[in-house]
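What follows is a set of notes on a single structure, which appears directly below.
The values are calculated or read from the model by the stated rules, or taken from the named source; none is laboratory data. Everything quoted here is computed from the prediction, not taken from an experiment. Positions of Cβ are generated from backbone atoms using ideal geometry, with glycine treated the same way; all protein chains shown enter the neighbour counts.
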Amino acid sequence: MDLVEIDIEISEQLDIIPQQVRVIQHQRVKYACPCCDEGIKVTPAPARIIPGNLPISRGERK
């Protein structure tokens, strides 16, 4: 089964340094098989600085 890249999932987190605030963007590639219906596979997310800190995807922002 050969998977084909279909999208990239992007999440962001704030990195606060005294006198600085930076946005760190993580991109996760999404893959799908064009021949079958096994769903979408997403590359693993990087470890979080704060355990349990969940990313907010672009589609969920308010």
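Here is how the numbers come out for the structure above:
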quantity: Selected residue (criterion: farthest from the chain's Cα centre (by Cα)) from residues of region 14-45 that are charged (D, E, K, R) and under 30 Å from residue 1 (Cα atoms); calculated: 37
quantity: Subset tally (residues that are at pLDDT below 85 and touching a Phe, Trp or Tyr at 6+ places or on another chain (Cβ under 7 Å)) for region 22-62; calculated: 0
quantity: Filter result (without any contact (Cβ under 8 Å) to a residue 40 or more places away in the chain and in contact with a strand residue (DSSP E or B) (Cβ under 7 Å, 6 or more places away or on another chain)) within region 1-16; calculated: 3, 4, 5, 6, 7, 8, 14, 15
